[in-house]
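The structure appears below as structure tokens.
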Amino acid sequence: MPEISRIKLARLPTPLQPLDRLSNELGGPRIWIKRDDQTDTVASGNKLRKLEFTVARALAEDANVLITSGGVQSNHCRSTAVVASHLGLQCHLILRGSEPSEVDGNLFLDRLLGARITFLSKEQFRNIDQYLSDIATQYRDRGNTPYSIPIGASDETGIWGYINCCGELKQDFQDRQIQPDYIISAAGSGGTLGGLIIGNVLHEIGSKILAFNVCDDEEYFVNKIREDFKRWEHRYDSPVVTDHLPISVVDGYVGVGYAIAGQPVFNTIRRVAQLEGVILDPVYTGKAFHAMITELKKGRFRESKDIVFIHTGGIYGNFPQKDQFVF
Ligand SMILES: *Cc1c(COP(=O)(O)O)cnc(C)c1O
């Protein structure tokens, strides 16, 4: 593997854990989860793996301000705010949506961590690149060096986070003496899925990689990930040819829209919490996990002995939606 600059932020390796009670209840393959919700406490989740590479690049470019964007309850923005404070950098977040009257979940943590926040309406957010470059210019004019991290840190650099995670998974599988048919995740900005696809090949894992999108559609993710692959091959001394790699996105579980979940998703989150002590979230992991077990019930994983779900984090996203749970 080529040597890519990286800083240590996440607590790795994260555990791989079987969900035996749930698997028995469902009567399908054994479901394992990779506990990337445990990469840290407050910075937790999948974004921290990507930020190890993205922020290393920012520091190499002498950045003292991290600028990034996402939804009002963005886990990525919250993780970035933690990392900025941890490293003594400034953080400016551009959030899509209006400022809620109640500051909860990730947004509360962003505030607590001292990030500067700009709210943009959904219409304004369509011109996010313009806002990003204007804000970066303002920082430069004051003698700072800003670095803009794309949404979800999903680009040719952040993708290393999950390429690297595959090295861990390879070891996990050896330790547990398993050969899972599928490695499954949520897709929100595509970097996790893209990294898993390359890492699966690079580390010769031999599983199928599958994602359930929680926004946009299959076509969007296939195009986005192909673009990231091209940039990755171009920037790094690519040890893998990506052209022919399959990108499997199972569409149909977005529901009404991004960050809006139906009652079955909340019920699944509650069931998994009570049966296994694992907390999913309504925006990403709960939606994707619910999709996975729905497909399982339809017979999709019938032939499989073991499947692995990447728990990409998101716990704080539960708090602003707590009224949706039925107890
Ligand atoms: C961002 C996020 C995802 C989606 O990962 P992408 O790499 O953006 O596709 C999944 N789960 C959680 C909790 C996230 O915050």
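The values are calculated or read from the model by the stated rules, or taken from the named source; none is laboratory data. Just so it is clear, the structure is predicted and the values come from calculations on it, not from any experiment. All Cβ positions, glycine included, derive from the backbone under ideal geometry; neighbour counts span all protein chains shown. Only protein heavy atoms, including side chains, enter the accessible area calculation; ligands, DNA and RNA are left aside. Shrake-Rupley method; radii C 1.70, N 1.55, O 1.52, S 1.80 Å.
Some values worked out for this structure:
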| read-out | value |
| --- | --- |
| Unique residue being out of contact with any Asp or Glu (no Cβ under 9 Å at 6 or more places or on another chain) and within 30 Å of PHE309 (Cβ to Cβ) when the list is GLN124, GLN130, GLN177 | GLN177 |
| Close pairs (9 angstrom Cβ cut-off, 6 or more residues apart or separate chains): among the polar types (S, T, N, Q) in region 160-175, within 16 Å of the ligand (Cβ to nearest atom) anywhere | ASN164/ARG49; ASN164/GLU52; ASN164/PHE53; ASN164/GLY195; ASN164/GLY199 |
| Any hit, region 134-144, residues being at pLDDT 95 or above, in a helix (DSSP H, G or I) and either within 30 Å of GLY206 (Cβ to Cβ) or touching a Lys or Arg at 6+ places or on another chain (Cβ under 7 Å) (or both) | no |
| Restricting region 160-183 to residues that are within 20 Å of the chain's Cα centre (by Cα) and open to solvent by less than 10 Å² (accessible area, probe 1.4 Å), the residue that is farthest from the ligand (Cβ to nearest atom) | LEU169 |
| Evaluation of ALA259 against (1) open to solvent by 10 Å² or more (accessible area, probe 1.4 Å); (2) in contact with an Asp or Glu (Cβ under 6 Å, 6 or more places away or on another chain) (one fails), failing number | (2) |
| Enumeration of residues in region 184-208 that are open to solvent by less than 30 Å² (accessible area, probe 1.4 Å), in contact with a Gly (Cβ under 9 Å, 6 or more places away or on another chain) and either away from the ligand (no atom under 16 Å from the Cβ) or under 10 Å from VAL308 (Cβ atoms) (or both) | ILE205 |
| Qualifying strands (runs of 3 or more DSSP E) (wholly inside region 1-103; at least 3 residues being away from the ligand (no atom under 12 Å from the Cβ) and under 20 Å from GLU156 (Cα atoms)) | 65-71 |
| Filter result for the condition that a residue is more than 23 Å from THR294 (Cα to Cα) and either at pLDDT below 95 or among the β-branched types (Val, Ile, Thr) (or both), over ILE209, ILE225 | ILE225 |
| Scope region 245-303; condition among the aliphatic types (A, V, I, L, M), away from the ligand (no atom under 16 Å from the Cβ) and not in a loop (DSSP other than H, G, I, E, B); matching residues | LEU275, ILE293, LEU296 |
| Flag if LYS8 is surrounded by fewer than 16 Cβ atoms within 10 Å (Cβ to Cβ) and not polar (S, T, N, Q) | yes |
